[in-house]
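Student: One structure coming up, written as structure tokens, with questions to follow.
Rule-based calculations on the coordinates, nothing more; no lab input. All values derive from a computational prediction rather than experimental measurement. Using ideal geometry, Cβ is built from the backbone for each residue, glycine included, and neighbour counts are taken over all protein chains shown.
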Amino acid sequence: MKKIFNVLGLVGSLYALIFVSLSTLFSHNFSWVNNYLSDIGAGLFGTFPQFLFNSTLIIGGIILAIFFILKEIETKDIISKISLIIMIIGSISFSLIGVFTEHSPYNLHLIFSYGFFLLFPLAMVIMSIHYFKAKLYFGLTTLLMGILALGIILDLPLGNGKAIPEMGEAIVLSIWIIIFSIFKYKFNE
């Protein structure tokens, strides 16, 4: 049964990527360089893309949070526990981006966006410490992808395209979560 739950990371990541991408396709006049993805969730492009985008974030974040909670419960290593707790917070933040849109008071949308975009790569960098000891290749992959994700969201390699760095980081994080899921499934961890 434990092995089956390892698929949740793969499912949550693919679900979020596919349906966020679909919401951009249904958002007429959406511009990758002039809009943020959250503009879709704020309703700038109609109610259907708004619903699709926000519900995708909420459901995808819940699936990922469940996955990381199950991984945190199973792990004994303190470094992994810390990084998985941060990933749980990042996953919950991902869901809450869909609840608290750009029009939310107290900058809640911005807080949860930062919670997702910054905490997740930070957790990956922390987790890489554990895997450098346990599985060197996975530790190196985790470290490099965490640094790449941070670099992308900080606009270092991609310029000023608003949605481009957001989707770029989401793709890197999703690829890592899929690799992590397969890794956990393969080694029944």
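Student: Between Thr75 and Thr47, what FRET efficiency follows from the Cβ-Cβ distance if R0 is 45 Å, with the result rounded to 0.05?
Tutor: 0.60
Student: Can you check what the Kirkwood hydrodynamic radius comes to for the stretch 109-154, Cα pairs only, in Å to one decimal?
Tutor: Evaluated over the stretch 109-154, this radius sits at 10.7 Å.
Student: How are the C-alpha pair distances of the stretch 1-154 spread across 5 Å bins, as whole percents from the shortest bin up?
Tutor: Over the stretch 1-154, the share of Cα pairs per 5 Å bin runs 2, 10, 16, 20, 21, 14, 9, 6, 3, 0 percent.
Student: Same structure again: What angle, in degrees between 0 and 90 and rounded to the nearest 10, separates the Cα long axis of helix 78-99 from the longest principal axis of the Cα atoms of the chain?
Tutor: Rounded to the nearest ten degrees, it is 20.
Student: Testing the spin-label approximation: label points 7 Å from Cα along Cα→Cβ at Ile111 and Ile66. State their distance in nm.
Tutor: Inter-label distance under the simple model: 2.7 nm.
Student: Given 25 °C and 0.890 mPa s, how large is the Stokes-Einstein diffusion coefficient of the stretch 122-185 in µm²/s, with Rh as the Kirkwood radius over Cα pairs?
Tutor: 204 µm²/s
Student: By a straight-distance test (C-alpha under 15 Å), which aspartates and glutamates pair with Lys81 as possible cross-link partners, with residues fewer than eight away in the same chain excluded?
Tutor: The reachable aspartates and glutamates, counting only those whose Cα sits under 15 Å from Lys81, are Glu72, Glu189.
Student: If you don't mind, there's one more thing I want to ask. Does the stretch 65-189 come out rounded, prolate or oblate by the C-alpha gyration tensor, with a ≥ b ≥ c the root eigenvalues, rounded set by a/c under 1.5 and, if not, prolate when a/b is larger than b/c and oblate if not?
Tutor: Here the stretch 65-189 falls in the oblate category.
Student: Let me ask something else about it. For the charge dipole of the chain, defined by +1 on Lys and Arg C-beta atoms and -1 on Asp and Glu C-beta atoms about the Cα centroid, which residue among Asn34, Leu173, Thr56 has the Cα displaced farthest towards the positive pole?
Tutor: Looking along the dipole axis, the top candidate is Leu173.
Student: If you stretched the chain out fully between Ile59 and Ala134, how much longer would it get, using 0.36 nm times the residue separation minus the C-alpha to C-alpha distance?
Tutor: 23.8 nm
Student: For the chain, what is the calculated [θ] at 222 nm in deg cm²/dmol (nearest 500), taking -39500 (n - 2.57) for each run of four or more DSSP H residues and dividing by its residue count?
Tutor: -26000 deg cm²/dmol
Student: Modelled label-to-label distance, Tyr36 and Ile4, 7 Å Cα→beta-carbon offset: nm?
Tutor: According to this spin-label approximation, the distance is 4.0 nm.
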